[in-house]
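Values quoted throughout were computed directly from the atomic coordinates according to the rules given, and no laboratory measurement underlies them. Source: prediction; values computed, not measured.
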Amino acid sequence: MKFSTRSTYGLRAMINLAQNWQKGSIPLSAIAKNENISLGYLERIFAVLKKAKLVKSEKGASGGYVLSSSPGDIDVYSIINALDGEASSFHCMDEGGKVYCNEKCECSVEPALLKISQAISAALKNIKLKDLI
C-alpha cells in the first residue's frame with residue numbers, strides 16, 4: 001500500500017500539532033518550517049483537515065491551528081481518509097470491499113483481499129496520534 005504525499009505531509013503536520021498539544025494553537029508557517037513542507041501546500045491540506053473536523057483554526061495574533069480533540073482520540077485512519085478519501089488497498093476492490101475485474105469473473109482471491117484490506121483499516125484505526133509522539 002502506498003500513501004499519497006498529501007496524506008504523508010498531513011500526518012506529519014498532525015503529529016507536529018500533537019507534540020505541541022498543550023501549547024495551544026500553532027501557526028501553519030511554524031509547522032511548514034519544522035516539517036519542511038510548502039506553506040501553500042500545507043494550507044490546502046489544513047483546509048481539508050478543518051472540514052473533516054480534525055483541527056480547529058484560531059484567529060488573531062496568536063492564531064494558528066490546534067487539534068479538535070486530544071491526540072489520544074484522533075486515529076491515523078481518520079487523517080488518511082480525510083485527505084485521500086476511502087480508497088481501496090487493491091486496484092480490483094472498490095471502497096465497499098467488493099472485488100471486481102475486467103472479465104467479471106468470480107475471483108478466488110476475494111476473501112484474502114477483503115481480509116487484508118480490513119486488517120489495514122483496523123491497524124490504522126488503532127494507531128492514535130498520541131502513539132506517534
- request: Determine the shape class of segment 18-73: with a ≥ b ≥ c the square roots of the Cα gyration tensor eigenvalues, call it rounded for a/c under 1.5, and otherwise prolate if a/b is greater than b/c, oblate otherwise.
  value: rounded
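Can you tell me how segment 1-41 classifies by the Cα gyration tensor, rounded, prolate or oblate, using a/c under 1.5 as the rounded cut? List each step's numbers first, then the result.
Values: a/c = 3.06, a/b = 1.52, b/c = 2.02.
Oblate.
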- prompt: Given 0.36 nm per residue, what is the gain on full extension from Ala61 to Leu132 after removing their alpha carbon distance, in nm?
  reply: 22.6 nm
